[in-house]
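Working notes, beginning with the structure itself.
The values are calculated or read from the model by the stated rules, or taken from the named source; none is laboratory data. For clarity, every value in this text was computed on a predicted model and none was experimentally measured. Reconstructed Cβ throughout: ideal geometry from the backbone, glycine too, with neighbour counts over all protein chains shown. To get the accessible areas, we keep the full protein, side chains included, count just its heavy atoms, and leave off ligands, DNA and RNA. Shrake-Rupley method; radii C 1.70, N 1.55, O 1.52, S 1.80 Å.
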Amino acid sequence: MEATLFTFPSSKPPLPPSSAALSLKSHFSNPFLSTTQHRKFSPKTPPTLPKIKAAISRTKKEETVEKVKQELEGCHLIAGIGYKGLTVQQFQELRTQLPETSKLLVAKNTLVLKAIEGTKWEALKPCMKGMNAWLFVHSEEIPAALKPYRTFQKEKKLEDNDFTGAVFEGKFYGPEEFKALENLPTRAEVYAQLLGALKGPASAVVGTIQAPARDLIMVLQAYCKKLEEEGAGQ
C-alpha cells in the first residue's frame, strides 16, 4: 500500500529568490563589507556649568562690597551721581579731574547698600534708585571735592546726570540741597574768621563760637595741627 504525501498551502506566498536573498543580507549583513554610509556622530557640546558661573558672580559681588567698605574708612562724604548715558571715556576723563582724596566707583545699588548696612552711611538709602556712580570724599574740603564734577557736568552738557544725593555728617542731602554742601567754608576760611573774631570785639567771638559745630571742630583741628608742627620744629 503506497503512502500518499499531502501538502497544505501556506498562508503566505513564497518569496522570490531575489527577495529571500535580500532578507538574508539584511539580517546577516557584515558591517565591514557593507557599502552603506554610517551616520556620523558629532562630538557632544560640553554641558554648561551654572554652579561655577554663580560662584564667580558671587565672588565678584563680594569683592565689590569689600571695596566699598574700604572706601568708607576715613570718608567724610559719599555722593551718588546718575551715570546713565556716560561713556567709558567720559568716566576716565572725569577721574583725572578729581583730587587725589576723592574716588569714583561704579557699583550696583544693592551692593553699596549691603556695604553701608549698619553704619552711619545708611542715610544714603534714598539714592538707591537708577544707575549710580559713587563719589567717596576722603577730605574735609567738601566744596573742592564736588567742584570738579560740577565743572565737568557743565562742559559736557550733562544736565540729566546730576548728583542724586549725598550723606555728610550722618545727614542726607538731596539734589536740591547740594548748594549748602558746595558753599561750605574751607578750613582756611574758618580759621581766618576765628582769628578775625579774636582780634575784634567780644560779640564777634561769641558769634563765631555759635557757628555750626563742624566749623568749630575744623578750627580746633587746625589749631592742634599748628601746635604739633610748632612742637616738632623746636
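So how many residues does the range 44-68 have that are at pLDDT below 85 and open to solvent by 70 Å² or more (accessible area, probe 1.4 Å)?
Within the range 44-68, residues that are at pLDDT below 85 and open to solvent by 70 Å² or more (accessible area, probe 1.4 Å) number 11.
Tell me the helices (runs of 4 or more DSSP H) entirely within the range 86-177 that contain at least 2 residues that are within 15 Å of the chain's Cα centre (by Cα) and not aromatic (Phe, Trp, Tyr).
Counting at least 2 such residues, we get 109-116.
Does the range 126-149 hold any residues that are open to solvent by 50 Å² or more (accessible area, probe 1.4 Å) and not acidic (Asp, Glu), and which are they?
The answer is Pro126, Lys129, Gly130, Met131, His138, Ala144, Lys147.
Only one of (1) buried (at least 18 other Cβ atoms within 10 Å of the Cβ); (2) modelled with pLDDT under 95; (3) under 16 Å from Phe178 (Cα atoms) is not met by Tyr83, so which one is it?
(3)
Return a yes/no flag: does the range 185-200 have any residue that is modelled with pLDDT of 70 or more and surrounded by fewer than 17 Cβ atoms within 10 Å (Cβ to Cβ).
yes
Residues being touching a His at 6+ places or on another chain (Cβ under 8 Å) and loosely packed, with under 15 Cβ neighbours inside 10 Å: count how many of those fall in the range 69-80.
Residues flagged as touching a His at 6+ places or on another chain (Cβ under 8 Å) and loosely packed, with under 15 Cβ neighbours inside 10 Å within the range 69-80 amount to 1.
Filter the range 110-125 for residues that are out of contact with any Gly (no Cβ under 8 Å at 6 or more places or on another chain), open to solvent by 20 Å² or more (accessible area, probe 1.4 Å) and of a type outside the set (Gly, Ala, Ser) and give the result.
Residues satisfying the conditions are Thr110, Leu111, Leu113, Lys114, Glu117, Thr119, Glu122, Lys125.
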